[in-house]
Amino acid sequence: MTDPLLQVENLGKRFGGFVALDGINLDVANGERLGLIGPNGSGKSTLVNCLCGTLHNETGAVRFNGTPVNGLLAHQRTHLGMARSFQLPRPFHTLTVAENLRVPLLYTVNARPDTSLSESEIEDRCHEFLRLVSLEHKARKMPRDLTQVEMRKLELARAMAADPKLLIADESMAGLSQSEVKDIVALLIRLNERGITIILIEHIMSAVMSFSQRLVVLVSGKKIADGNPDDVIRDPEVERAYLG
Amino acid sequence: MRNWQFFLAALAVSGLAYLGTRLIGNDYVYFAGYVVLQFVVLATAWNILGGYCGYVNFGSAAFFAIGAYSTVALHKFPQLSARYLPETLNSVVEFIFPLSIPVMIVIGGAIAGLVGLGTGYLTLRLRGVFFAIATLALAVVLQTLIVNWDYVGGSRGAYIIRPNTTPYFDINYIEYLFIIMLLLAVIAITVARSIERSQLGYGFATIRDDELAAEATGVPTLRLKLIATTLSGAFMGMAGAPFPFYIGYLEPSSAFGLAYAVNAIAMPMIGGTTSWVGPLLGAILLGTLQQVASVTISSAVSLLIVGLLLVFFVIIAPNGIIGLWQDYFPRKEAPARENSKAEAT
Ligand SMILES: Nc1ncnc2c1ncn2[C@@H]1O[C@H](COP(=O)(O)OP(=O)(O)O)[C@@H](O)[C@H]1O
Ligand SMILES: [Mg+2]
């Protein structure tokens with residue numbers, strides 16, 4: 001058996017006296033498609049922030065691809081191959097949509113010792129990722145000219161552009177139409193088939209169920225279920241957490 | 001246009017400007033022009049950190065003064081060495097000194113750049129108004145140090161006798177200082193422009209827009225901030241290095257003058273902070289306006305004008321003259337950076 005791509009051990013995070021994450025253990029295998037669900041405020045985004053270095057967890061250890069990442073800055077983790085989208089989109093608002101995608105290409109992909117994209121390759125990749133999320137026609141627009149939904153797509157495309165080993169999508173599909181949700185799920189599955197491990201955080205259950213090979217449920221900062229999606233969803237404890 | 005092409009073009013333009021001043025044939029042009037050019041360098045330097053990265057520096061006067069006082073220190077060094085150093089060492093000093101102005105600019109720039117690096121390091125975790133306050137505090141601390149440092153004149157100030165002419169060209173010294181500042185402005189603007197169109201420029205823009213998102217996409221924001229504080233500080237120091245020779249008598253209150261802190265902020269803000277054009281435009285407009293106002297009215301009034309203009313622009317046109325221009329003549333699409341294609345390194 002090979003080592004998991006992501007190993008989270010006893011991860012804990014507090015905001016003042018409030019326990020946002022309480023002893024999370026989680027292994028994610030290379031190539032896995034993991035769904036992460038939980039009611040609002042259960043700590044899903046906080047977990048992403050701790051994994052990616054946006055927030056610092058007080059307790060616990062995170063290993064990525066065999067490297068302990070505790071103490072690494074967010075950009076160093078991105079360089080190792082983690083990428084995430086923010087739940088509330090955070091585009092670079094003085095750069096055009098296409099330029100937003102240049103940033104991870106310049107600073108993450110090109111920073112790898114074995115890659116050096118030429119200017120035209122960078123241009124091509126920007127457009128390729130924009131095409132994947134159907135934003136090509138907005139390439140030259142500024143982020144303020146995008147709708148919320150388009151902003152989410154840009155957020156996702158920018159994470160994909162970092163050419164990650166692990167992609168974490170934090171509620172990227174809120175507000176999308178059913179057919180768009182289907183498109184994005186299909187896209188994520190295609191990316192996964194190219195070898196990218198994906199953690200999908202989503203409230204839209206149809207998307208989660210069609211995407212996930214494994215499902216993890218977070219409630220009040222605790223992991224309460226982890227396993228086969230069909231089993232997890234029928235778990236009485238999970239049902240209780242969702243129904244109140 | 002590539003960087004070296006831009007540099008040559010800027011040299012050509014400044015050469016023409018210089019020829020123009022020769023036609024006027026009055027030294028007053030050089031006295032006034034020097035100040036305007038000094039502000040071009042100062043504003044361009046401020047904008048590298050303030051405009052490109054979004055970190056507002058209120059302590060520009062400190063970096064300017066570091067450059068000026070490093071020149072004073074270097075200028076007085078032979079006296080010191082004659083008194084305290086052994087004969088052999090002193091003869092070496094006498095051989096090297098007095099240093100030429102360009103050399104003193106390089107040294108002053110290096111020292112101010114180091115102080116910029118240190119400032120950046122100490123304020124790495126500070127953002128927004130806290131960063132601005134820290135830079136203001138730096139200026140206060142440095143001024144206190146200089147006031148109490150006798151070697152550079154302390155609170156009494158220091159006299160620097162400006163030579164009448166230069167050893168190399170048969171021109172008035174003030175004209176020589178003007179030419180040097182003209183070249184420095186060309187260099188500063190070329191550097192600023194090349195940053196804008198480089199990977200570094202994208203990194204700076206992401207820091208200005210959203211540091212968390214910048215880190216998440218792989219931008220080493222702390223390192224980039226240090227690069228920006230160093231570069232910005234260095235150019236401010238370079239702008240200040242020739243100043244003692246211009247003014248003849250340097251005292252802390254003039255080197256740390258309010259005019260530098262205010263103008264360094266006002267000129268880019270009024271011109272527009274997103275590109276090198278803004279600080280250049282702002283410095284030429286405001287600098288000239290102030291020269292005219294201080295001759296015709298008084299220098300206090302000239303600073304008042306700057307203050308009022310700054311308030312006006314911050315409220316009415318936060319993107320400066322360039323922003324106004326773009327609003328009136330919008331391009332069909334947002335600016336593409338196609339020309340960076342040829343310049344990628
Ligand atoms: N920066 C913060 N400071 C204080 N509390 C926070 C912060 N971020 C999140 N929280 C709190 O932590 C809890 C978990 O939030 P979050 O991780 O965003 O939940 P989810 O993504 O599952 O909806 C919420 O109660 C939220 O109010
Ligand atoms: Mg969330």
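The values are calculated or read from the model by the stated rules, or taken from the named source; none is laboratory data. These numbers come from a predicted model, not from an experiment. Don't worry about glycine lacking a Cβ; one is built from the backbone with ideal geometry, like all the others, and counts go over all protein chains shown. Heads up: the accessible areas ignore ligands, DNA and RNA and are worked out on the full protein's heavy atoms, side chains in. Shrake-Rupley method; radii C 1.70, N 1.55, O 1.52, S 1.80 Å.
Summary table
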read-out	value
Count of Lys pairs (Cα-Cα under 26 Å; at least 8 positions apart or interchain) in the protein assembly as shown	25
Nitroxide proxy distance, nm - points 7 Å out along Cα→Cβ at B:Tyr249 and A:Arg190	7.6 nm
Shape of the range B:1-148, Cα gyration tensor, a/c cut at 1.5	oblate
With eigenvalues of the C-alpha gyration tensor scaled by 5 and rooted, the range B:85-141, Å	37, 12, 9
Full-extension gain in nm, A:Glu180 to A:Arg240, via 0.36 nm per residue minus C-alpha separation	18.6 nm
Sum of -39500 (n - 2.57) over DSSP H runs of 4+, divided by residues of chain A (222 nm, nearest 500)	-10500 deg cm²/dmol
Degrees between helix A:148-161 axis and first principal axis of chain A (Cα, 0 to 90, nearest 10)	80 degrees
Loop-resident sites, the range B:94-172, for chymotrypsin sites (Phe, Trp or Tyr not before Pro), counting at most 15 other Cβ within 10 Å (DSSP)	B:Trp149, B:Tyr168, B:Phe169
For the range A:170-233, convex hull of alpha carbons as volume per residue, Å³	89 Å³
Mean Cα-pair separation over length for chain A, i.e. relative contact order, pairs under 8 Å, 6 or more apart, %	26 percent
Anisotropy class of the range A:91-244 from Cα gyration tensor, a/c 1.5 cut	prolate
For B:196-207, mean number of other protein chain Cβ atoms within 10 Å	3
Local net charge near A:Ser85, Cβ-Cβ under 10 Å (Lys/Arg +1, Asp/Glu -1)	+2
Cα pair count fraction exceeding 34 Å, expressed as % - the protein assembly as shown	50 percent
Sorted peptide list for A:173-184, B:3-14, B:220-231, criterion being average Cβ within 10 angstrom, highest first	B:220-231, A:173-184, B:3-14
Backbone HN-Hα couplings from phi across the range B:310-319 [Karplus 6.51/-1.76/1.60, Hz, Gly and Pro as x]	4, 4, 4, 5, 4, 7, 8, 9, x, 9
Ranking by accessible area, most exposed first, for B:Tyr18, B:Tyr202, A:Tyr242 with a 1.4 Å probe	A:Tyr242, B:Tyr18, B:Tyr202
Nearest-ten-degree value, helix B:199-209 long axis tilted from longest Cα axis of chain B	70 degrees
Mean residue ellipticity (222 nm) of chain B, computed from DSSP H runs ≥ 4 via -39,500 (n - 2.57), nearest 500	-24500 deg cm²/dmol
Average partner coverage of A:115-122, which counts Cβ from other chains inside 10 Å	2
Counting all C-alpha pairs of the range A:82-163, share separated by more than 14 Å (%)	57 percent
Amide N proximity, the range B:282-325 versus B:Ile24 label position 7 Å along Cα-to-Cβ, cut-off under 17 Å	B:283-297
Efficiency of FRET between A:Arg144 and B:Val129 - r from beta-carbon atoms, R0 22 angstrom, step 0.05	0.35
Ordering of A:10-21, B:52-63, B:100-111, A:45-56 by burial proxy (mean other Cβ atoms within 10 Å per residue, highest first)	B:52-63, A:45-56, B:100-111, A:10-21
In the B-A interface, the accessible area buried, summed over both sides, Å² (probe 1.4 Å)	2600 Å²
Peptide A:66-78, shielding by other chains (average Cβ, 10 Å cutoff)	3
Chain B, relative contact order [Cα under 8 Å, separation at least 6], %	32 percent
In sequence order, calculated HN-Hα J values of the range B:48-60 (Karplus, 6.51, -1.76, 1.60; Hz; x Gly/Pro)	4, 8, x, x, 6, 9, x, 9, 7, 9, 8, x, 3
Probe 1.4 Å, accessible area per residue of the range A:107-244, Å²	46 Å²
Relative contact order of the range B:1-143, defined on C-alpha pairs under 8 angstrom at six or more residues apart (%)	31 percent
